[in-house]
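To keep things clear, I will list the structure first and then write my remarks on it.
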Number of protein chains: 2
Amino acid sequence: MAERLPDAALDTLFRTARTANGWTGEPVPPETLVALYDLVKWGPTSANMQPLRVKFLVTTAAKERLRPHLSPGNVEKTMAAPVVAVLGQDLAFYEHLPRLFPHNPSARSWFEGKPELIRESALRNASLQGGYFILAARALGLDAGPMSGFDSEGVDREFWQGTSVKTNFLCNLGHADPSKTFPRSPRFDFTEVCELL
Amino acid sequence: MAERLPDAALDTLFRTARTANGWTGEPVPPETLVALYDLVKWGPTSANMQPLRVKFLVTTAAKERLRPHLSPGNVEKTMAAPVVAVLGQDLAFYEHLPRLFPHNPSARSWFEGKPELIRESALRNASLQGGYFILAARALGLDAGPMSGFDSEGVDREFWQGTSVKTNFLCNLGHADPSKTFPRSPRFDFTEVCELL
């Protein structure tokens, strides 16, 4: 039976973790990005579809390709981040189901030719994997700065041209400079958004 | 600076955690569900929108309301689960932004009257919160059994009638009977779905 994690781990993952808005100079080695994905990949997805695709921008040249597509308020912190992850969702995820979901050979046919179901399933499951990604980064001692403020068509053209992948969101990665973190915004209480039936 | 979590915690969250398909008789007290939400709520969402809404079905009567809407393969394990969470997304999330995102009074206007952006933002961010939910359950020593196999219009009618909430996915919660867990399905390798630029 699984054990509850110690309080320090719950703090690192949830309670004291904060979205990073500035960075120390400490780099993030490529091995850490592989370790990050090697945690994320184990998180569950519907029919094991794993629609997440990631471009890790680690060079100045790659980040410069992203710059013109960022909302003005996101430019400075993103260009300063050691790594910027472009998280995409592959709308052709169902082509891989015969390999990923081998115990049900008909899984591919659940999606083929159903663009609305494809779009919704890809977004739902790539975003679940996005949640795993943010928490896995924190679990490895990184800080994350997820962002929706960018021109998604521009980022699609720049990084996913000629593929079936569409951008979902961006996530800066590194070690946060706490002096640049914003004050925490309010959260809903349990009784406002949850109910026991 | 945040520390990397110990290997045992990475196992509990990702590496050895498995989707539950059957349950021991051990109950899940209501306090644990409050503790679960009180972790989930801290995870980041775009503009702090927090579109997740949850009905925790803890009584047999509530689970019987869900039964007719489940895919046949999901009925037995779901009816046997100590708790079934119905995770929804509130499409009126933007009405709360003046309170949730107080430093930018115009945030509500980014979404108002834009149904496609509303739908996409709600699904993306409620699913991010869904990822936090699954990992927070594991962090508290629970096992999770997330599911997309159900009639979403039926579940919407049964549990969210008269509201702006739509069902996203279901998640059984409890303590897994490991003898009922399926063999693990394959995962993509880093080099198949990630790239360093």
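The values are calculated or read from the model by the stated rules, or taken from the named source; none is laboratory data. Please read these numbers as outputs of a predicted model, since none were measured by experiment. With ideal geometry, Cβ positions are generated from the backbone for all residues, glycine too; neighbour counts draw on all protein chains shown. The area values use the complete protein model at the heavy-atom level, side chains included, leaving out ligands, DNA and RNA. Shrake-Rupley method; radii C 1.70, N 1.55, O 1.52, S 1.80 Å.
At a glance:
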| quantity | calculated |
| --- | --- |
| Kirkwood Rh, angstrom, segment A:24-177 [1 / mean 1/r, Cα pairs] | 16.2 Å |
| Surrounding net charge for A:Ala8, when Lys and Arg each add one and Asp and Glu each subtract one, Cβ distance under 11 Å | -2 |
| Shielding of A:135-143 by partner chains, average beta-carbon count, 10 Å | 5 |
| Sites matching GluC sites (Glu not before Pro) across segment B:1-83 that sit in DSSP coil, with at most 15 neighbouring C-beta atoms within 10 Å | B:Glu3 |
| Mean projected area in nm² (Cα convex hull; one quarter of hull surface) for segment A:55-124 | 6.6 nm² |
| Under Karplus coefficients 6.51, -1.76 and 1.60, residue-wise ³J(HN,Hα) of segment A:41-51 in Hz, glycine/proline x | 4, 7, x, x, 9, 4, 6, 6, 6, 6, x |
| At R0 = 35 Å, FRET efficiency that the Cβ-Cβ distance of B:Leu196 and B:Thr24 yields, to 0.05 | 0.20 |
| All-pairs alpha carbon distance profile, segment A:1-114, 10 Å steps from 0, percent | 11, 28, 30, 24, 7 |
| Estimated Rh, segment B:91-137: Kirkwood, alpha-carbon pairs, angstrom | 11.6 Å |
| 16 Å tail of the calculated P(r), segment A:126-197, as % of Cα pairs | 67 percent |
| Intensity falloff of the protein assembly as shown expressed as log10 I(q)/I(0), Debye formula with alpha-carbon point scatterers, at q = 0.08, 0.11 Å⁻¹ | -0.38, -0.75 |
| Projected label distance in nm at A:Glu31 and B:Gln161, using a 7 Å step from Cα toward the beta-carbon | 5.9 nm |
| Heavy-atom accessible area per residue - the protein assembly as shown, 1.4 Å, Å² | 40 Å² |
| Segment A:81-97 - phi-based ³J(HN,Hα) in whole Hz, Karplus 6.51/-1.76/1.60, Gly and Pro as x | 6, x, 9, 10, 9, 9, 8, x, 10, 8, 6, 9, 3, 5, 4, 8, 5 |
| Label-point separation in nm, B:Val75 to A:Glu76, each point 7 Å along Cα→Cβ | 6.0 nm |
| From phi via Karplus (6.51, -1.76, 1.60), per-residue ³J(HN,Hα) for segment B:171-186 in Hz, x at Gly/Pro | 8, 5, 9, x, 10, 5, 8, x, 5, 9, 6, 6, x, 6, 8, x |
| Backbone N under 13 Å from the B:Asn104 label point (7 Å along Cα→Cβ), restricted to segment A:75-107 | A:75 |
| Pair A:Ala8, A:Thr181: separation of 7 Å Cα→Cβ label points (nm) | 1.7 nm |
| Violating pairs (Cα-Cα greater than 22 angstrom) within the set A:Lys55/A:Lys77; A:Lys166/B:Lys166; A:Lys41/A:Lys77 | A:Lys166/B:Lys166; A:Lys41/A:Lys77 |
| Sequence-distant residues sharing a close amide H with A:Val83 (under 5 Å, placed H) | A:Leu173 |
| Length-normalised contact order of segment A:24-177 in % [C-alpha pairs under 8 Å, at least 6 apart] | 37 percent |
| Chain lengthening between B:Arg67 and B:Glu116 when straightened (0.36 nm per residue, less Cα-Cα) | 14.5 nm |
